[in-house]
Amino acid sequence: MNIIELKNIHKFFGQEKNRVHVLKGINLSIEKGDFVAIIGQSGSGKSTLMNIIGCLDVPTSGSYKINGTEVGKMEKDQLAELRCKTFGFIFQRYNLLSSLKATENAALPAVYLGLGPEERNQRSIELLKQLDLGGKLNNYPNELSGGQQQRVSIARALMNGGEIILADEPTGALDSKSGEMVMEIIKNLHTQGHTIILVTHDSKIAAQASRIIEIKDGEIVADERKASDFYELKNKIKDVQRSKVDAFKYSFAESFRMSIHAILANKMRSLLTMLGIIIGIASVVSVVALGNASQAKIMAQINAMGTNTIDIMPGTGFGDMRSGKVKTLKVGDSDYLSKQSFIDNSTPSVSASGTLVYGNYSLTASLKGVGSSFFEVKGRKIAQGRIFTQDEVNNIASVVVIDDNTLNEMFSNNPNPIGEIIIFNKKPLKIIGVTEKDSNPGPGSDSMNIWTPYTTAMYKINGSTDINSITVKISDTVNSQVAEESIENILTSLHGKKDFFMINSDSIKQTVESATNTMKLLIASIAVISLIVGGIGVMNIMLVSVTERTKEIGIRMAIGAKQADILQQFLIEAILICLVGGFMGVALSMIIGFCFNTFSEDFGMIFSTASIVLALVCSTAIGIVFGYMPAKNASNLNPIDALASE
């Protein structure tokens, strides 16, 4: 029974004037279990014929059938499956993968057949032992002699059964003794039922076959049968049946494993590929961390000024030259506002500047008359003593709270001034508390500030019922913008007109947040550009990698790898490189953050989980986007062209 049938096969190479007619109307039938030698001089077309028979190449015209099935109508993946299950290739130059051990090289076709790791490893070991390579199982190709490498190649050809063995000059690169050993193995395979098709230019090698076909100038010029010894195939490999889901899981797992192996086999190249991603990810995460730290510091400073507060000032707004002379705000306004359900606290404020005297010390200070809730509203904390009570406000008590600057200037020899009497504008005031140092920059942070009940400031110091401003604290459940509109309506109704303006701390906070977010976005965008540059670097190096590994791709395709297998492997490699680069970039940014926070006393980088996750997602996306083109290029390579690459 014919296993191979070729009818009127023509093969051309090149185009137009450079077109060469390599095979000219080849008609050939080969029976199962036969041993055929195809002989001819270099350039006669014998290797081209073998490549067509092995489905590594396709004829320009003509019919080619295997077991009665027309090969010319098959898709690329169907041809790959045919190479995987039907053919076993023995190449002149062995074509072993240098990064794989003998067992791994021999087992490689079974990966694309679908055999599990244990099963294919066991079969690989058995085949190598049968070929007298039991002591070389873990050796790499460069640790084996030419004859040993060729025997590994034979084991690989038999891995999936090798119903048809295609041997292209199998002894061409061997010494005479090794060549004789290889030919004995091939003849033994024939007796085991394998159909052998051997291509050679050596008539002595061809003479060992049962049938000799001579090709000259692309045509069969002789076809001589020397023996009619056909054998039935003894060792058939069962096909592996998997569901689509299981097949995908298996394929992905094997591609993942091979990708890791390829990355580890080329550590320096992989590290250089990752470098752009590492720098890009570290930049993005670090920039966001610095932005978070800056925003947190600014927000803390704003919160220290008073959270969710609104300051009500007389006049029409900032820059109003008459605002200092306008006396429209009254204590009654503050009392009325304090009764509103959306306001937690309301405190009037009276300002005065003057001379502060203690013993022999005299300096200029700023006094503010405020309510008992002022310190809570403004977020000012007490370092020593206490704040004044509402009873002291009501009773116009002559008590005062001083700030850290006043303490340092006037009481350098007395760190505990509680109970001491100071004179402000000739009015005695008893110190009951000292505030903590104000770390917020801006007006007043370096001046001398003291606070007394607003009633005391009004009646004992200024001698007037006028107040300078009102500070209200909005309930946390109320929108500050809505509260601001309500306050405006209330005071306008009380005064008959709008003769005041408001400063909303929440509006300031939102403005600052918006500004800092814009800056973070701008800087992060610049960092993202470095990520894109890193991605282009990944693409370029992966393209170079495809070029460097063209022969490897050809070998994988020759033994049964489908386009999807090659695409998947190279794409996973790119994704892994970018993902590992992403993790290394995050680790680098953490190291930068640790060093920065160690040496920076009042400003530390704040890392965001969201930014880290986003950075890793970006690195994965870069691997997919920029790795797809090289992976696609690899999967589209022609097997015979790839094998011919050096």
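The values are calculated or read from the model by the stated rules, or taken from the named source; none is laboratory data. It should be emphasised that the depicted structure is a prediction, and the values quoted were computed from it without experimental measurement. Cβ placement follows ideal geometry from the backbone for every residue including glycine, while neighbour counts extend to all protein chains displayed. Areas reflect the complete protein model, heavy atoms only, side chains present, ligands, DNA and RNA absent. Shrake-Rupley method; radii C 1.70, N 1.55, O 1.52, S 1.80 Å.
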Of all residues in the stretch 491-515, count the ones that are outside any loop (DSSP other than H, G, I, E, B) and at pLDDT 70 or above. 12
Condition first: in contact with a helix residue (DSSP H, G or I) (Cβ under 6 Å, 6 or more places away or on another chain) and among the charged types (D, E, K, R). Can you find one or more residues in the stretch 244-254 that meet it? yes
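For the stretch 342-410, give me every one of the helices (runs of 4 or more DSSP H) that falls completely inside it and has 3 or more residues that are surrounded by 15 or more Cβ atoms within 10 Å (Cβ to Cβ) and in contact (Cβ under 8 Å) with a residue 60 or more places away in the chain.
Result: 374-378.
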Output the residue which, of all residues in the stretch 165-201 that are free of Cβ contacts under 8 Å to residues at least 40 places away in the same chain and part of a loop (DSSP other than H, G, I, E, B), is most open to solvent (accessible area, probe 1.4 Å). ASP175
On the given criteria, is MET539 in a helix (DSSP H, G or I), crowded, with 17+ Cβ neighbours inside 10 Å and either of a type in the set (A, V, I, L, M, F, W, C) or over 16 Å from the mean Cα position of the chain (by Cα) (or both)? yes
Failed condition for LEU49, given (1) outside any loop (DSSP other than H, G, I, E, B); (2) over 22 Å from LEU233 (Cα atoms); (3) touching a Ser or Thr at 6+ places or on another chain (Cβ under 9 Å): (3)
Regarding GLY419, is this residue open to solvent by less than 70 Å² (accessible area, probe 1.4 Å), more than 28 Å from ASN345 (Cα to Cα) and of a type in the set (Gly, Ala, Ser)? yes
All positions within the stretch 59-87 that are in contact (Cβ under 8 Å) with a residue 24 or more places away in the chain and either open to solvent by less than 20 Å² (accessible area, probe 1.4 Å) or hydrophobic (A, V, I, L, M, F, W, C) (or both): TYR64, ILE66, LEU79, ALA80, LEU82, ARG83, CYS84, THR86, PHE87
Of these, LEU56, LEU49, LEU97, which one is out of contact with any helix residue (DSSP H, G or I) (no Cβ under 7 Å at 6 or more places or on another chain) and open to solvent by less than 20 Å² (accessible area, probe 1.4 Å)? LEU49
I want to confirm something. Restricting to the stretch 624-644 and keeping residues that are more than 21 Å from ILE53 (Cα to Cα) and touching a Gly at 6+ places or on another chain (Cβ under 8 Å), which single residue is most open to solvent (accessible area, probe 1.4 Å)? VAL625
Please find, within the stretch 240-255, the residue that is surrounded by the most Cβ atoms within 10 Å (Cβ to Cβ) out of those that are out of contact with any Leu (no Cβ under 8 Å at 6 or more places or on another chain) and either among the aromatic types (Phe, Trp, Tyr) or in contact (Cβ under 8 Å) with a residue 60 or more places away in the chain (or both). SER255
The stretch 1-31, subset under 24 Å from THR195 (Cβ atoms) and open to solvent by 70 Å² or more (accessible area, probe 1.4 Å), residue modelled with the lowest pLDDT: MET1
If you scan the stretch 606-624, which residues turn out to be in contact (Cβ under 8 Å) with a residue 12 or more places away in the chain and over 16 Å from GLY581 (Cβ atoms)? ILE606, PHE607, SER608, SER611
Take the residues in the stretch 114-150 that are surrounded by 21 or more Cβ atoms within 10 Å (Cβ to Cβ) and more than 22 Å from MET181 (Cα to Cα); name whichever of them is modelled with the lowest pLDDT. LEU115
